[in-house]
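This report refers to the structure that appears directly beneath it.
The values are calculated or read from the model by the stated rules, or taken from the named source; none is laboratory data. This one's a predicted model, so the numbers in the text were calculated from it and none came from an experiment. Every residue, glycine as well, gets a Cβ built from its backbone with ideal geometry; the counts of neighbours run over all protein chains shown.
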Amino acid sequence: MKRSVRTTILTLAIVSLIMVCMTTFSYAGGFGIGLDMPENINTVNTLEGVNLTWEKSPESDGYKVYRRLPEQRHSVEIAEIAGADKTFFTDKTAESGKRYEYSVRAYKGIFLSRLSERKELVRLSQPTIEKVTLGDSCIELNWEKSAGAEGYYVYKKTVQGIELLGNVKGDNNCFYEDKDVSERKSYTYTVTAYSGESRSSHEYKTSPIFVGTPKITSVENTGKSISVKWQKPKFADSFVIYRKGNNDTQWVKLKILSSVADTFIDSDVKSGEIYTYTVRAISQKNYSGYNKSGVSLQCLNIPGNFSVGNYNDGISLSWDAVEGAESYNVYRTYDKTTEIIGQTSSTAYSDMNVEEGKTYTYSIKAVGFKSDMLSDSTENISCCVLKKPLNIAAVNMFDGIQLYWEKSNFATGYIIYRKNFGETEWTKIRTVNSRNTNYIIDHDVQKDSMYVYTVQCVKNGVLGSFDVNGVSIRHIPSLGIKATLCPQGIKLQWSEIRNSRGYELFRKTDDDADWVKIGSIDASQTACIDGNPIYGKKNNYVVRVVFSDGGFADSTVSSAFGIDPNKPMVALTYDDGPSTEVTNRILDKLAQYNARATFFVVGERVNKYSDCLKRAVSQHCEIGNHSYHHKDLSKSTAEEIKQEIISTNTAVENITGVYPVVARAPGGAVNDLARENVGMPFIFWSIDTLDWKYRNAESVTEKVKSQVKDGSIVLMHDLYNSTADASDILIPWLTEKGYQLVTVSEMMAVKGIEMKNGETYISGY
């Protein structure tokens, strides 16, 4: 029994060893039975999976199919095919986008052939064509992505056969445009994915019949509507108009038009909104493609209430704002030539580049957020240029106020306006219809009332420009007198009075109780010079006209400070004010030493610090113009320069009744344009204290003391307490050194320097 068991165990061991050896030998080459391995392995992507085929292995019972991924060390058996004649297999478990290696063994009983050559393939799914649609003058193909593809081949079936259209590289690029198409034809397409030698299966898709896409040629604003025009393709039976608004994501069908139409007027629009349009053609119930981006336009209404007229020696244009407009183009036509002369974001424009007596025609277009988005044009309006009358003068007469002005070569008449001082609205008081008349007498005036006059030219109903500031005068029923400084003393001038026997001149200072007669003037003269004024005092003058019948009348009072031309003088100037504390401190010290200065004020500060300004005028200081917003005039337009200067002068006059006659540019920055448009002399300086920089009284005083001389103009700023401290030192020191502290205008007059508008002056040297 024990021997039988041992025999059985030994027998089993031998059999097992034999089987292992047989298996080993079969893997190595068929264990000597002559079983051939499968050859000519082929792999193909199909819709169902990967198809494998191979050549038949004679004497085999069937085949085993193996598959391996690149990252796997060994192939894995995925199928066993019974039957020597079954030499194909479809791997339906292969995942799209993965790369596989396939191999096959033949088997017979327990014996296996050697492993076939490995065949590599990337599993590529069929790139199913999702859409074949008509595009903008093309046919568009869209297909599903085939994972793992390096790209796609696009084919088209023609009468000549299958034509390769293109190679679209990249697995995510699933779009192609066929632009080689003809109207009223359809085409059949197929798409094949590829990766190396691997190819996907494919399907065929047929396009709709191709219809040419209408080409939009223009989209324009027309009044309160938008006009869309297009170029018609052949064979179109009708057209469909689509639109998107600002917030629309989908096209909205507006209207279907007949084949003869090439224009659509969209009246359902709102100014300021942006609209986008596209057009499709229909031919035999087939729709064309369309421009998916469309053509956009911002709806802009025509600027309303457009008016043109003469103003400030130019042509002034105004209009209503247009909703959505970013700016406006200004067009001018002259001598049959139309040009854009300006673009502005405001609703007004002044054309100063005009010649008197000539007629210009204007129109306006609104401009959207893009410069090519324009409204339709306003009506054309023409205007003849009539500049303002020059040298308007007002003279007190016994029975009213007489006005004079220079004649205009182009006016056929004049309109005279008047307003009370301080008012804003002009009242028309007289129309003079003769070109030969250039004066009137306004009898409707009240004694001691102050009036402002201006004159406007007229030509055939066209109103010309006029001086918006006009000329001011207080009515006193006697002659007026004007006292001005000159190198010889104080010059007095007055108006000629008819029937006079002569004139008597009277003078007194503020310290005098009575008027003192200082001379008699012949009736033929209307001017004289007081060569011996009281120096350092305000000299007040009255001219008495003596009539032939023995009656007389006294003039108004005119004053000027007596300044010794033989003694040195200095003009202290203060910029950027006024300011309550600092300006008043400076005025306190000036009053203490009977001195004067020139304050170049910023217009926007005038109303806030009006008390300072009034006090400065009462102390006979000079008020100069330092612009309204302290703006760099060298970087401003002509209109901006004029506005900065005029606004400041007007503000000063409204507070004090004094109209400034000198200006100082902020930072001293001027150019030719500023000089041409300031309308005043520019006053610079010979000593810059840099008080704004150091804010140190000692630094300021030392700079002045080391540089001052006769005729110096000293620059300071009445904004800093350190400047007031320096003034407390400098005013007494300069006075003790024998300098007369005068205004800029006083110094220039005494020095014999005739200041001209736009010229720059740095001292009285």
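Evaluate the following for residue 264: is it modelled with pLDDT of 95 or more, more than 24 Å from the chain's Cα centre (by Cα), within 22 Å of residue 368 (Cβ to Cβ) and outside any loop (DSSP other than H, G, I, E, B)?
Judged against the criteria, residue 264 is a match.
With the condition kept exactly as written, say whether any residue in region 607-624 is in a helix (DSSP H, G or I) and of a type in the set (Val, Ile, Thr).
Yes, region 607-624 contains a residue that is in a helix (DSSP H, G or I) and of a type in the set (Val, Ile, Thr).
If you check residue 275 against the conditions, is it of a type in the set (Phe, Trp, Tyr) and within 30 Å of residue 305 (Cβ to Cβ)?
Spelling it out, residue 275 is indeed of a type in the set (Phe, Trp, Tyr) and within 30 Å of residue 305 (Cβ to Cβ).
Identify all residues within region 574-594 that are more than 24 Å from residue 682 (Cβ to Cβ), outside any helix (DSSP H, G or I) and either among the small types (Gly, Ala, Ser) or in contact with a strand residue (DSSP E or B) (Cβ under 8 Å, 6 or more places away or on another chain) (or both); write none if there are none.
593
Could you list, ordered by first residue, the pairs with Cβ atoms under 6 Å in which the first is in region 561-577 and farther than 19 Å from residue 538 by Cβ and touching a residue at least 12 places away in the same chain (Cβ under 8 Å) and the second is of a type in the set (Asp, Glu) and outside any strand (DSSP E or B), at least 6 apart or interchain?
These pairs meet every condition: 568/710; 574/718; 577/718.
In region 210-227, which residues are buried (at least 16 other Cβ atoms within 10 Å of the Cβ) and in contact (Cβ under 8 Å) with a residue 60 or more places away in the chain?
Hits for region 210-227 are 210, 211, 212, 213, 214, 216, 219, 221, 226.
Picking from 560, 638, 651, which residue would you name as being more than 21 Å from residue 720 (Cα to Cα), under 44 Å from the mean Cα position of the chain (by Cα) and crowded, with 19+ Cβ neighbours inside 10 Å?
651
If you take the residues of region 168-184 that are outside any strand (DSSP E or B) and within 16 Å of residue 137 (Cβ to Cβ), which of them is nearest to the chain's Cα centre (by Cα)?
179
Would you check which residues across region 352-381 are surrounded by fewer than 20 Cβ atoms within 10 Å (Cβ to Cβ) and closer than 24 Å to residue 300 by Cα and list them?
361, 369, 370, 371, 372, 374, 376, 377, 379, 380, 381 - these are the residues of region 352-381 that are surrounded by fewer than 20 Cβ atoms within 10 Å (Cβ to Cβ) and closer than 24 Å to residue 300 by Cα.
Those residues that are touching a residue at least 60 places away in the same chain (Cβ under 8 Å) and either part of a loop (DSSP other than H, G, I, E, B) or out of contact with any strand residue (DSSP E or B) (no Cβ under 9 Å at 6 or more places or on another chain) (or both), I need them from region 137-154; list them, please.
137
If you check residue 647 against the conditions, is it within 28 Å of residue 757 (Cα to Cα) and part of a helix (DSSP H, G or I)?
Considered against the rule, which asks whether it is within 28 Å of residue 757 (Cα to Cα) and part of a helix (DSSP H, G or I), residue 647 comes out as yes.
Kindly indicate which of 199, 184 is closer than 29 Å to residue 286 by Cα and either of a type in the set (D, E, K, R) or in contact (Cβ under 8 Å) with a residue 40 or more places away in the chain (or both).
Being closer than 29 Å to residue 286 by Cα and either of a type in the set (D, E, K, R) or in contact (Cβ under 8 Å) with a residue 40 or more places away in the chain (or both) holds for just one of 199, 184, which is 184.
How many residues are of a type in the set (Gly, Ala, Ser), part of a loop (DSSP other than H, G, I, E, B) and surrounded by 20 or more Cβ atoms within 10 Å (Cβ to Cβ) if we restrict to region 185-209?
Going through region 185-209 one residue at a time, the tally reaches 2.
Looking only at region 454-501, count every residue that is farther than 22 Å from residue 653 by Cβ, more than 50 Å from the chain's Cα centre (by Cα) and modelled with pLDDT of 90 or more and tell me the total.
Residues in region 454-501 being farther than 22 Å from residue 653 by Cβ, more than 50 Å from the chain's Cα centre (by Cα) and modelled with pLDDT of 90 or more: 8 in total.
Take the conditions surrounded by 20 or more Cβ atoms within 10 Å (Cβ to Cβ), out of contact with any Gly (no Cβ under 8 Å at 6 or more places or on another chain) and either of a type in the set (A, V, I, L, M, F, W, C) or part of a strand (DSSP E or B) (or both) and apply them to residue 468. Does it pass?
It is false that residue 468 is surrounded by 20 or more Cβ atoms within 10 Å (Cβ to Cβ), out of contact with any Gly (no Cβ under 8 Å at 6 or more places or on another chain) and either of a type in the set (A, V, I, L, M, F, W, C) or part of a strand (DSSP E or B) (or both).
Please specify each residue of region 117-150 satisfying the condition of being among the basic types (Lys, Arg) and either over 18 Å from residue 188 (Cα atoms) or crowded, with 17+ Cβ neighbours inside 10 Å (or both).
Within region 117-150, 118, 119, 123, 145 qualify.
For region 690-706: of the residues being over 42 Å from the mean Cα position of the chain (by Cα) and among the hydrophobic types (A, V, I, L, M, F, W, C), which is surrounded by the most Cβ atoms within 10 Å (Cβ to Cβ)?
Applying the filter and picking the extreme gives 700.
Where residues in region 114-161 are charged (D, E, K, R) and under 30 Å from residue 279 (Cα atoms), which of them is modelled with the lowest pLDDT?
Going through the qualifying residues, I end up with 136.
Pick out the one residue from 705, 709 that is closer than 30 Å to residue 487 by Cβ and in a loop (DSSP other than H, G, I, E, B).
709
Please go through region 605-634 and pick out each residue that is closer than 24 Å to residue 747 by Cβ, crowded, with 23+ Cβ neighbours inside 10 Å and β-branched (Val, Ile, Thr).
Once the filter is applied, which keeps residues that are closer than 24 Å to residue 747 by Cβ, crowded, with 23+ Cβ neighbours inside 10 Å and β-branched (Val, Ile, Thr), region 605-634 yields only 623.
Tell me whether region 725-743 contains one or more residues that are crowded, with 19+ Cβ neighbours inside 10 Å, touching a strand residue (DSSP E or B) at 6+ places or on another chain (Cβ under 6 Å) and of a type in the set (Gly, Ala, Ser).
No, the conditions are met nowhere in region 725-743.
Are there strands (runs of 3 or more DSSP E) fully within region 521-573 with at least 1 residues that are under 24 Å from residue 744 (Cβ atoms) and touching a His at 6+ places or on another chain (Cβ under 6 Å)? List them.
Strands (runs of 3 or more DSSP E) meeting the threshold: none at all.
With respect to residue 590, determine if the residue is under 26 Å from residue 710 (Cα atoms), touching a Cys at 6+ places or on another chain (Cβ under 8 Å) and either in contact (Cβ under 8 Å) with a residue 12 or more places away in the chain or surrounded by fewer than 21 Cβ atoms within 10 Å (Cβ to Cβ) (or both).
Answer is yes for this residue.
Which of the following residues is crowded, with 18+ Cβ neighbours inside 10 Å, free of Cβ contacts under 8 Å to residues at least 40 places away in the same chain and either closer than 20 Å to residue 577 by Cα or assigned by TED's automatic domain parsing to the domain that holds residue 346 (or both): 665, 669?
One residue alone meets the criteria, 665.
In region 72-136, which strands (runs of 3 or more DSSP E) lie fully inside it and hold 3 or more residues that are in contact (Cβ under 8 Å) with a residue 12 or more places away in the chain and among the basic types (Lys, Arg)?
By residue number, 99-108.
For region 213-222, indicate whether the set of residues that are in contact with a strand residue (DSSP E or B) (Cβ under 9 Å, 6 or more places away or on another chain), among the hydroxyl-bearing types (Ser, Thr, Tyr) and closer than 24 Å to residue 140 by Cα is non-empty.
Yes, region 213-222 has at least one match.
Could you please let me know if residue 95 is at pLDDT below 95, within 24 Å of residue 47 (Cα to Cα), of a type in the set (Asp, Glu) and not assigned by TED's automatic domain parsing to the domain that holds residue 143?
Yes; evaluated as a whole, the condition is true for this residue.
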